[in-house]
Amino acid sequence: MCEPWWKEAVVYQIYPRSFMDSNGDGIGDLRGITSRLDYLKKLGIDVIWLSPVYRSPNDDNGYDISDYQEIMEEFGTMEDFDELLFQAHERGIRIVMDLVVNHTSDEHRWFVESRKGKDGPYGDYYIWRDGKEDGREPNNWGACFGGSAWEYDRERGQYYLHLFSKKQPDLNWDNPRVRREVFDMMDWWCKKGIDGFRMDVISMISKTEDMPDGEVKGLYGDFAPYCVHGPRVHQYLKEMNREVLSKYDLMTVGETAGVTTEQACRYAGTDEGELNMVFQFEHVDVHGKYGKWNDKSMPLTKLKEILSRWQTELAGKAWNSLFWDNHDQPRAVSRFGDDTAPYRVRSAKMLATCLHMMQGTPYIYQGEELGMTNYPFAGPEDFHDIESIHAYQEWCESGRVSHQEFWPCITRVSRDNARTPMQWDDSPQAGFTSGTPWMPVNPNYREINARAALEDPDSVFYHYQKLIALRKQYPVIVSGEYKLLLPDSEEVFAYERILNGEKLLVVCSFSREETKVSLPEEYAGGTCLISNYGADDWSLDGKLRPYEAFVSYCSGRSARLPR
Ligand code: TEU
Ligand code: CA
């Protein structure tokens, strides 16, 4: 069976600002990335997902784009980009660009023109509405980064919609000229030779005509029923596919928060002609009384139910992404594992094993392969991210909730956890920059860094390297049927993968204590493909040590028959 390359690929996400600084200004850049390609090659990844590198005033670190066909000055030049692409391709690594087209920056030329008035050529490029009779916002919707989703523009005398910050006005996809501009821009990048697009909040591009108040959740009304998976989103993606995507050999992944498995089968269905895969968040969403700001973890039984449902309901129909973290999420080992010294390495390897043996395209977020951890924030002045800054203001400074109560919630999930500089070595600033980094380095860099990992054969890095290699070696990992075992265990995540006569048993303990479960005996004669307590240190007796993980493989002939 020959699967498309993106089904067999492993993706590594780079957040350029924090990856590697080449010129000492404290900000990661394109040349910095190029200088670390050999490191990525060694890890064995196939694709880089590059978070936005386009011209941007950086209200949201590049997710607010003022020119789609220029490089952000701080990151370098278009020549630097071409060199990065060339050098990556030389090493067999593909580059997938972040496509942020639900909104632009308010400094984009289109918006600058649009705010001049209704009648100009750009008048209808964004979503403009008159205020209510008393001049208030057209409706009660709240923006993702706090405040109303509407901003009044004096110049034009109307409100514009921004589902994120007010410096990120939403484009009007119902205007065919907007779609044409976006498709032409995409085509320009494809002609350059890039290998695909990760599409930012692509499920939000189509909005309902009618925009009534939303149900009040937290402080504002919810826009989701009117803006997420909106009426024409599939029509627009099919058009995009026809006009651009289908003409090139690309990988396309749609960021689709709040998607169900059924909807995913439309966005990323094999025969739908839209995208290759979705990137969905059900397993990382834990909402509480302060919305996403929550210090609780999801019970393991629920996590298993969610991940397993995505495995079985997409099988043979659509394709999913596999991830524990990204630039918007806290560090995986701090959230799902245990980042205290005795367990950090073990639990980071366990998490990697659990995810990488599933069906889908795995994503590794920079530093995850080192077991990088959350940042020890001292106070709100440590935040750099617009979302955390606004959330702290809106919940705490307003007096709605005490600092004491809110602090553990916001520090646990703040996006800034993921954005501290990559830890390359134990020299000052972790080798990320020779200057002052734009965000402080996590003080644990002396211990947790790439150089140390490369020198230690038992490091998290080499565990990832092995998992990536296994995916290339065993088709059952890419294509096998998935079966959850022990659904009721709150300690152990175990599943099988089955393809023709080949079978895998994946056993992962999410517990800090020893546990005992019963495992299918037929795997006793299997080969251990990987384990986090040492290659031959595993057993099917069901006694699992803290955060133990192993994979047993049986091929048709050697597998023992079940009793
Ligand atoms: O994120 C969109 C998104 O789905 C949000 O939930 C985001 O995760 C945020 O944390 C809200 O809680 C994408 C990008 O990944 C993010 O970095 C951008 O800030 C955002 O879109 C706007 O472009
Ligand atoms: Ca720099």
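Can you tell me which residues in region 236-246 are touching a residue at least 60 places away in the same chain (Cβ under 8 Å) and either open to solvent by 10 Å² or more (accessible area, probe 1.4 Å) or assigned to a helix (DSSP H, G or I) (or both)?
Tyr236, Glu239, Met240, Glu243
Can you pull out every residue in region 45-75 that is over 16 Å from Ile194 (Cβ atoms), more than 16 Å from ligand 2 (Cβ to nearest atom) and either open to solvent by less than 10 Å² (accessible area, probe 1.4 Å) or under 17 Å from the mean Cα position of the chain (by Cα) (or both)?
Ile45, Asp60, Tyr63, Asp64
Tell me, which helices (runs of 4 or more DSSP H) lie completely within region 312-425 with 2 or more residues that are polar (S, T, N, Q), open to solvent by less than 10 Å² (accessible area, probe 1.4 Å) and over 30 Å from Leu484 (Cβ atoms)?
So the answer is none; nothing clears 2.
State whether one or more residues within region 32-44 are open to solvent by less than 50 Å² (accessible area, probe 1.4 Å) and within 16 Å of ligand 1 (Cβ to nearest atom).
Within region 32-44 (the criterion being open to solvent by less than 50 Å² (accessible area, probe 1.4 Å) and within 16 Å of ligand 1 (Cβ to nearest atom)), the answer is no, since none of the residues qualifies.
Do we have His89 as in contact (Cβ under 8 Å) with a residue 12 or more places away in the chain and crowded, with 20+ Cβ neighbours inside 10 Å here?
No; evaluated as a whole, the condition is false for this residue.
Select the strands (runs of 3 or more DSSP E) contained entirely in region 444-551, then report the ones holding at least 3 residues which are closer than 30 Å to Pro421 by Cβ, open to solvent by 30 Å² or more (accessible area, probe 1.4 Å) and touching a residue at least 12 places away in the same chain (Cβ under 8 Å).
Strands (runs of 3 or more DSSP E) meeting the threshold: none at all.
Just need a number here: residues in region 449-468 that are over 22 Å from the mean Cα position of the chain (by Cα) and of a type in the set (A, V, I, L, M, F, W, C).
Total meeting the criteria: 3.
Any idea which of Met211, Met186 is away from ligand 1 (no atom under 15 Å from the Cβ), crowded, with 22+ Cβ neighbours inside 10 Å and modelled with pLDDT of 95 or more?
Met186
Residues of region 473-525 being over 18 Å from Glu3 (Cα atoms) and of a type in the set (Asp, Glu), which ones?
Asp488, Glu490, Glu491, Glu496, Glu513, Glu514, Glu521, Glu522 - these are the residues of region 473-525 that are over 18 Å from Glu3 (Cα atoms) and of a type in the set (Asp, Glu).
Okay, residues lined up against (1) free of Cβ contacts under 8 Å to residues at least 12 places away in the same chain; (2) part of a helix (DSSP H, G or I):
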site	(1), (2)
Gly120	yes, no
Arg156	no, no
Val178	no, yes
Phe183	no, yes
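Within region 313-350, restricting attention to residues that are closer than 28 Å to Glu262 by Cβ and among the aliphatic types (A, V, I, L, M), which residue is nearest to ligand 1 (Cβ to nearest atom)?
Here the residue is Ala332.
Out of all the residues in region 376-387, which are among the aromatic types (Phe, Trp, Tyr) and either modelled with pLDDT under 95 or within 16 Å of ligand 1 (Cβ to nearest atom) (or both)?
Phe383
Out of Met251, Met204, report the one residue that is more than 15 Å from ligand 1 (Cβ to nearest atom), buried (at least 22 other Cβ atoms within 10 Å of the Cβ) and in contact (Cβ under 8 Å) with a residue 40 or more places away in the chain.
It is Met251.
Quick test for you: out of Phe86, Phe81, Phe19, pick the one residue that is among the hydrophobic types (A, V, I, L, M, F, W, C) and either within 21 Å of the chain's Cα centre (by Cα) or within 24 Å of Leu171 (Cα to Cα) (or both).
Step by step, each of Phe86, Phe81, Phe19 is checked, and only Phe19 is among the hydrophobic types (A, V, I, L, M, F, W, C) and either within 21 Å of the chain's Cα centre (by Cα) or within 24 Å of Leu171 (Cα to Cα) (or both).
The values are calculated or read from the model by the stated rules, or taken from the named source; none is laboratory data. This structure is a prediction, so every number in the text was calculated from the model and none was measured. Here Cβ is always computed from backbone atoms with ideal geometry, including for glycine, and neighbour counts include all displayed protein chains. Surface accessibility is based on the protein's heavy atoms, side chains included, excluding ligands, DNA and RNA. Shrake-Rupley method; radii C 1.70, N 1.55, O 1.52, S 1.80 Å.
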